[in-house]
Structure formats: structure tokens, C-alpha cells
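Each remark here refers to the structure printed beneath this line.
The values are calculated or read from the model by the stated rules, or taken from the named source; none is laboratory data. Please read all numbers here as calculations on a predicted model, not as lab measurements. A quick note on method: Cβ atoms are made from the backbone with ideal geometry, for glycine too, and the neighbour counts reach across all protein chains shown.
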Amino acid sequence: MDALKAEVNATLDEVDHNILNLIVEDSRKSYREIAKTLGISVGTAYNRIKRLEESGIIKAYTALVDPAKIGYELTALILIQAEGGHLLNVEAEAAKLDAVACVYDITGDFDIAIIARFKNSSELNTFIKSMLKNPYVKRTVTNVVLNIVKEDLRIKIPRKTKVEAPSSGPA
């Protein structure tokens, strides 16, 4: 599988990039719609998408849900200092929790950044207290998001541009 991943990463072409952009925009698009949009055959669209899935480039197909509309009014950025030898343990425990959307290794004074969603401040309070019960968590700093200006973790793949031969100068 690793050889396939390396091979696919090295050989992504403009069609692959265009397919990825269409799927990122709307993962419900059919092979037929993708093929028609790109001017390729349905078989080509199917084979390319299967190769992107098998290589791990396409990890999942999912829906974007507005958390506030289902009661998750509070988003928090939580920074954690962890005991050096136990960083992975702290991250693994945090990643298991339903409230946690993202866990990142970071540089600077803190080791871990977590983005989590809660219905209210009471849930956030309980979450922070449970994190602090972990003996490998030295310190946390919590920032509550007041307003989400932009939030879109979808990757937009830049289109490959064709390189034109340089001109030989003015004619």
C-alpha cells in the first residue's frame, strides 16, 4: 500500500486534481457527473477515484454539518503542555473524545492544540477538568471562539499549470 501511495502522489495529474476539487466541493457527485464536467469517460472517472481512494488520498466522504444548528454553540481552542515522554498518550486520549474535532502537535510554549465543540460552558468546564486529571497534562490554556469568520478544512487543490516553451524573443 505504501508503494501505491508514493506512486500516486508522484503521478497526480491535472485530471486527478480536477476530480479531487469536484469531490471536495460536493462528495455526492456521481461518476457520470464528474466525467461529464471534465470531459472524460465514466470508466476513467471511476478508475481514477478508486486509485485515489486506495492510495489514501481520498480518506472519506462526509457531510459538512453546522454545529450551531445542532446545539453546539461553543467552540474552544485548547492548548496543552504535556510531559515530554507522554505527548502521544495525551494526544491519543484527547482524540478519542467526541467533543474533539482536531488534535495538532504544535511548536512554541505548548505541545498540543485541540479544537473542540460544546453545547455550553458547563460542558467545556467538565472537559477541561477531565483533561487536567490526566497526570501527564502539566497545563492548559483555553480560548473560546467568539465568532467564526471562516471555517473550512476542505483542501482545495491548485490546478496544475502547463508550462509553455519560452519564446525566442521579439519577432
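Asp13 satisfies every condition listed in (1) without any contact (Cβ under 8 Å) to a residue 40 or more places away in the chain; (2) more than 16 Å from the chain's Cα centre (by Cα); (3) surrounded by fewer than 14 Cβ atoms within 10 Å (Cβ to Cβ) except (1). Out of everything in the stretch 49-85 that is under 17 Å from Phe118 (Cα atoms) and hydroxyl-bearing (Ser, Thr, Tyr), what residue ends up being nearest to the chain's Cα centre (by Cα)? That would be Thr75. I'd like to check something: does the stretch 40-60 contain any residue that is among the hydrophobic types (A, V, I, L, M, F, W, C) and either surrounded by fewer than 12 Cβ atoms within 10 Å (Cβ to Cβ) or on the phi > 0 side of the Ramachandran plot (or both)? Within the stretch 40-60, one or more residues are among the hydrophobic types (A, V, I, L, M, F, W, C) and either surrounded by fewer than 12 Cβ atoms within 10 Å (Cβ to Cβ) or on the phi > 0 side of the Ramachandran plot (or both). Do we have Asp109 as part of a loop (DSSP other than H, G, I, E, B), within 29 Å of Ala68 (Cβ to Cβ) and acidic (Asp, Glu) here? So Asp109 fails the test.
Among the residues of the stretch 75-97, the one identified as β-branched (Val, Ile, Thr) and either in a helix (DSSP H, G or I) or modelled with pLDDT under 95 (or both) is Val90.
Of Tyr61, Tyr31, Tyr72, Tyr104, all but one fail to be over 22 Å from Glu151 (Cβ atoms) and among the aromatic types (Phe, Trp, Tyr); the exception is Tyr31. Taken together, the residues in the stretch 136-167 that are touching a helix residue (DSSP H, G or I) at 6+ places or on another chain (Cβ under 9 Å), modelled with pLDDT of 95 or more and part of a loop (DSSP other than H, G, I, E, B) amount to 1.
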